[in-house]
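K.L.:
Here's a structure for you.
The values are calculated or read from the model by the stated rules, or taken from the named source; none is laboratory data. Note that this is a predicted model, so its numbers are computed, not measured. All Cβ positions, glycine included, derive from the backbone under ideal geometry; neighbour counts span all protein chains shown. When the accessible area is computed, the model is the full protein with side chains, heavy atoms only, and any ligands, DNA or RNA have been set aside. Shrake-Rupley method; radii C 1.70, N 1.55, O 1.52, S 1.80 Å.
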Protein chains: 2
Amino acid sequence: MTAPLPDEVLDRVFRTTRTFNHFTDRPVSEDTLRALWDLVKWGPTSANQEPLRIIWCVSAEAKARLAACASGTNGPKIEAAPVAAILGQDMAFYEKLPQLFPHTDARSWFVGKPALIEESAFRNSSLQGAYFIVAARLLGLDTGPMSGFDAAKVDAEFFAGTTVRANFITTLGYGDPAGLHARLPRLAFEDVSTIL
Amino acid sequence: MTAPLPDEVLDRVFRTTRTFNHFTDRPVSEDTLRALWDLVKWGPTSANQEPLRIIWCVSAEAKARLAACASGTNGPKIEAAPVAAILGQDMAFYEKLPQLFPHTDARSWFVGKPALIEESAFRNSSLQGAYFIVAARLLGLDTGPMSGFDAAKVDAEFFAGTTVRANFITTLGYGDPAGLHARLPRLAFEDVSTIL
């Protein structure tokens, strides 16, 4: 269990895989969406909160509604992708903790503490958003994550009357490498690290 | 490139791997920390922001200082782990965008917009925190992520005089399965999904 996985796996998950603006025509079935969640769900969250909620925009109509909330060039990317997923955060996630973290009263850690609720929902739904990107890659899919959209508009259009708020959006499909730009540089270990 | 990876990979990254409170005595070398960053760095962030900054607490003294900022049972877990990493977010991340996203003036999107800076740093450093957890697993390592600590105390103790603030902490090493509890339940596809 403690040896590194093969190079092909490291390449697929991190080293050579790209995010995509364009996808091939290959469709993404509902079975594939379910398989994706069946990986994402296992990624760890604080006290097993799992605040992520997903609206899968699959129909042309749903993608057009979402595209109308996006900025700049993101709208056409959403409309052209096989699937566009709205990754939301449930601000009432703690109501499920008696089921998800049953050995203690974790719900009481959050009730009446809006700043803590907001911080926890945002951190943990973002972790789950990253698991989503990784899980897609493990299944041979590609993503095009984006935060360039009007969150208030998405919330009004898709989450009205619920406790869910948008975190970010990602397109999903099988990436078309035509038109990819050169890869952007990355920070070095020394740029980000202090060893104490 | 579009076939799912083998079951052993899906198991290692998501399906059967656990987070750990206890680790074996096997040490984690600086080379391994560098190998870990060399995967994490490739995970996508918005406009290639890469706001994550890491303090690797390797010495007993550094781990003791961090443990003193942690709540409940987290202190002893930090002191006993081979490494405890403080995953921080650089609130001045946008100063590096001329280098990291050179084809447009992305720095100007953020200057003077504290709410947007805070949201972007938190979302993207959380994504990178999840990449950290996944990358560790790809290298055969295990993590013990925790958000139960006094963030103001960690900031004062480790980030004073810098633009970095703590996001979350994780221990790192080779997990000792002795003492693991049964796995917690997960939400089903239907609990989190709407297909439109």
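K.L.:
Give me the percent relative contact order of chain A, please, defined on Cα pairs under 8 angstrom at least 6 residues apart.
P.N.:
32 percent
K.L.:
Something else about it: Before we go on, tell me the buried accessible area for the B/A pair, both chains summed, 1.4 Å probe, in Å² to the nearest 100.
P.N.:
Roughly 7100 Å² of accessible surface disappears when B and A pair.
K.L.:
Suppose all protein chains stay in the model; what accessible area per residue would a 1.4 Å probe give for the stretch A:1-105, in Å²?
P.N.:
42 Å²
K.L.:
Could you give, in nm with one decimal, how far residue A:114 is from each other copy of that position, shortest first, with labels 7 Å out from Cα toward Cβ?
P.N.:
1.9
K.L.:
On to the next question. How far apart are the residue B:156 label points across copies, placing each 7 Å from Cα toward Cβ, in nm, shortest first?
P.N.:
Nearest to farthest, the other copies are at 4.3 nm.
K.L.:
Could you give, in nm with one decimal, how far residue B:73 is from each other copy of that position, shortest first, with labels 7 Å out from Cα toward Cβ?
P.N.:
Sorted ascending, the copy-to-copy spacings read 5.1 nm.
K.L.:
In the stretch A:55-104, what residues drop by 50 Å² or more of accessible area when the other protein chains are put back, versus the chain on its own? Use 1.4 Å, and skip ligands and nucleic acids.
P.N.:
A:56
K.L.:
Here's a follow-up. Non-local amide H neighbours of residue A:54 (under 5 Å, H modeled in plane, Pro and chain starts lacking H): which ones?
P.N.:
Those lying under 5 Å, H to H, from residue A:54 are A:88, B:193, B:194.
K.L.:
Just to confirm a number: summing +1 for Lys and Arg and -1 for Asp and Glu over residues other than residue B:174 whose beta-carbon lies under 14 angstrom from that of residue B:174, what do you get?
P.N.:
+1
K.L.:
Also, quick follow-up: Starting from the 7 Å offset along Cα-to-Cβ, what nm value, one decimal, do you get for the label separation of residue B:152 and residue B:183?
P.N.:
It works out to 4.0 nm between the two label points.
K.L.:
Give a quick list of trypsin sites (Lys or Arg not before Pro) in the stretch B:100-194 that DSSP marks as loop, anything other than H, G, I, E or B, with at most 15 other Cβ atoms within 10 Å.
P.N.:
Those satisfying the criteria are B:183.
K.L.:
Here is the link list: B:77/B:153; B:41/B:77; A:41/B:113; A:113/B:153. Which ones come out longer than 25 Å on Cα distance?
P.N.:
Beyond 25 Å between Cα atoms: B:41/B:77; A:41/B:113.
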